[in-house]
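Worksheet: the structure to be examined is printed underneath.
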Amino acid sequence: MRKVGVIGAGMTLFRRRLQETGKEMCFEATKMALDSAGLTRADIDMVVNGTAPDAFDGVHMKGEYLLDGCGGYRKPYTRVFTGGGTGVFSSIAGWWHVASGLADAVLVVNEEKMSSCQPHPQSVFAHIWDPILDRPLRPNLIWIFAMEMNRYMHVHGVKKEDIARVAVKNKRNAVGHPCAQLADPNITVDDVLNSEVMAWPVQRLDISPPSDGASAIVLASEDFIRRRKIKDRAWMSGVGWCIDSTMWTDRDLYFPEYVARAAQTAYKRAKISDPRRQIDFAEPYDPFDYKELHHLEGLLLARKGEAPILTREGVTERDGDLPVCPSGGLMGVGNPIAATMGQKIGELFWQLTNQAGKRQIPHEVHTGVAQAWGDLMQYGSVVVMSS
Amino acid sequence: MTFLDRTTDARRFRQWEGNMEADYIYTSGVAGERFFVALRDGGKMLASRCVACNLDYLPPRLFCEDCFAELSEFVDVPPEGRVAAVTMAHLDRRGTPLSRPQVWALVTFEGIRGGLVHRLLVPPAKARVGLAVRAKLKARGDRVGAVTDIEGFEPVRS
């Protein structure tokens, strides 16, 4: 396998509704990523597109629809999809294009335009349930997350205040992010605890709402990076992905085993034997505040039940010992599903190349991990990056 | 054993009914906004111009798919186009015969990349590749800024 580096990244504003079409959003993010890498479309060998269910944008064969905005015209082009896991998984697909030697320079472009779906994307989320066992009950997707959150709280005796701290931290971290939809410099734990109950224990400010946006990265081989004398690069030192049982009822919801397995694969490749010591910062997937905690444990960066304690003690703050979601994450920047690659892989690149501006972690960092979560609460994708 | 015979009545089997309900509002986008406003208010079609590639895109795009430049220059599409391909639809989407075949065409314009698919406003016997056509628009007051503001394409010389 060849060494693969991220050499550019870009993302659009994340907003509830953007005027731009999905293609136009892809173009903006792609152009930004190419410009930041100092490349043009002609330098790109292959293109990967990542985007979640077609039903969000309301365009079937969304990958084909978005391809011109992704820079894929007349190039080898593939859309990949692992639900919310696409936010990190598409960069893994880009990685194998380069690591295998098939391509020297690859664009990965992720997009979601959830505002097209009316009155709310929740109506199409309903179609991911089993049509015979679940859908006749007319479930709402938040119910199963609420049950997962409840199970996690129950097993470890976690208080809601400690979970709310994640929402507060990430919405405050997002204040420095130029694309942020949900930044709030003044939010408090009480604001979260007093917000509307959606499906107990999930309240309005525990969850990141639907959004529109796109993000893009450029990947290149070590040889290409040397030849082009590219200075700003961060190596993808480990990748892993794993899916759990198709029946969400078969899992003990308190621990994401699939994330742990994906992380172990990625750590092995990155030669990381003690993640808590060897990883300097993390961008776990945080569409809900409790998910950051859940995923920190899945990523083996905290012992089971320890993530809320680390959060309470300030360890996961930007200036803490293990900064978590310095980008502001999904809770602070926004959640256009696949496009959250911008806060995950994009943030690792910006932090590791000292381009994170106001979000820059104040101490030196060399290794970060990003993770996304998807399909029906069962999919983990993990990427380790190093300077 | 499973159901091997073709059936037209799925309700003969134990079954559940479902509906993938989904409604959408699509934004026409940055380039689309220019195109549809010009169509509605000016009664004309615009293409976006890529100076570097010497190309005009119809429908207009915000970017050149080839050189990836952002496109901000718009030009008028020539009023006269040509039929590049035709089809006569005899059945509707459910397979029911139409009372009269519908004529559809791909219309292209000289010097313009792309084209439009639309109704061809001629009898099936007159539909042919190479026919010179122009857009027939709805009256100003009936136009809303949509592709259906164009009723179809009609021959330049009848």
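Miscellaneous remarks
- Considering only residues in segment A:26-57 that are over 20 Å from the mean Cα position of the chain (by Cα) and of a type in the set (Val, Ile, Thr), the one that is nearest to the other protein chains (Cβ to nearest Cβ) turns out to be A:40.
- For segment A:109-135, a residue qualifies if it is assigned to a strand (DSSP E or B) and within 7 Å of chain B (Cβ to nearest Cβ), and the qualifying residues are A:117, A:118.
- Verdict on residue B:113 being over 14 Å from the mean Cα position of the chain (by Cα), closer than 28 Å to residue A:20 by Cα and surrounded by 15 or more Cβ atoms within 10 Å (Cβ to Cβ): yes
- Counting only strands (runs of 3 or more DSSP E) that sit wholly inside segment A:178-274, those with at least 2 residues that are touching a Phe, Trp or Tyr at 6+ places or on another chain (Cβ under 7 Å) and at pLDDT 95 or above are A:212-221, A:234-243.
- So residue A:165, is it crowded, with 17+ Cβ neighbours inside 10 Å and either basic (Lys, Arg) or within 24 Å of residue A:378 (Cα to Cα) (or both): yes
- Enumeration of residues in segment A:282-323 that are more than 17 Å from residue A:189 (Cβ to Cβ) and either assigned to a strand (DSSP E or B) or under 13 Å from the mean Cα position of the chain (by Cα) (or both): A:282, A:283, A:284, A:285, A:287, A:291, A:295
- Within segment B:55-109, if we keep just the residues that are without any contact (Cβ under 8 Å) to a residue 40 or more places away in the chain, assigned to a loop (DSSP other than H, G, I, E, B) and away from chain A (no Cβ under 14 Å), the residue that is nearest to residue A:24 (Cα to Cα) turns out to be B:77.
- Test set (1) within 30 Å of residue A:132 (Cα to Cα); (2) more than 13 Å from chain A (Cβ to nearest Cβ); (3) hydrophobic (A, V, I, L, M, F, W, C); (4) within 25 Å of the chain's Cα centre (by Cα) - residue B:4 fails condition number: (4)
- Here segment A:58-108 is the region considered, the condition is being in contact with a Lys or Arg (Cβ under 7 Å, 6 or more places away or on another chain) and assigned to a loop (DSSP other than H, G, I, E, B), and the residue that is surrounded by the most Cβ atoms within 10 Å (Cβ to Cβ) is A:69.
The values are calculated or read from the model by the stated rules, or taken from the named source; none is laboratory data. Note that the structure is predicted; figures quoted are calculated from it, not measured. Virtual Cβ from ideal backbone geometry, glycine too; neighbours counted across all protein chains shown.
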